[in-house]
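Only one structure is covered here, and it is reproduced in the block below.
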Amino acid sequence: MEEHGTEYVGTLFVLPASRAFELSTTLHGVPVTLTGTIAQHLAAQFAGNDAAGEHIDVRQLSVQPRRVEVLTREIHERHRAPRKAHFLMRVLDGGVPAARQDASVTA
């Protein structure tokens, strides 16, 4: 099993209840869609858990392209084809914080 983390820029769609994500990006000039699981600490941020850190508003994530870190795990099993599992680890330029979002709506 091999693991490596990579930063991508693309449109991020998140389903926080099922901890799933879809990232539409380009890789070497070719459009690619990565799908996978959201890391537990990031899911806690999406849920608004104060202990997890700054809250990330999932409704604002797909509005514009985001810079994210995705951990890719290449799994090699005997007598099977290799497969890749993707995990969304961090949103590096997260969604608009709730206080700032409310101020921009009223302005």
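Summing Lys, Arg as +1 and Asp, Glu as -1, what charge do residues with Cβ under 10 Å from the Cβ of residue 72 carry, residue 72 excluded?
Result for the neighbourhood of residue 72: -1.
Per residue, how large is the accessible surface of the range 23-93? Use a 1.4 angstrom probe and give square angstrom.
Ligands and nucleic acids excluded, the figure is 63 Å² per residue.
The values are calculated or read from the model by the stated rules, or taken from the named source; none is laboratory data. This structure is a prediction, so every number in the text was calculated from the model and none was measured. Backbone-built Cβ (ideal geometry, glycine too); neighbour counts: all protein chains shown. Quick note on the areas: whole protein, heavy atoms, side chains included, nothing else; ligands and nucleic acids left out. Shrake-Rupley method; radii C 1.70, N 1.55, O 1.52, S 1.80 Å.
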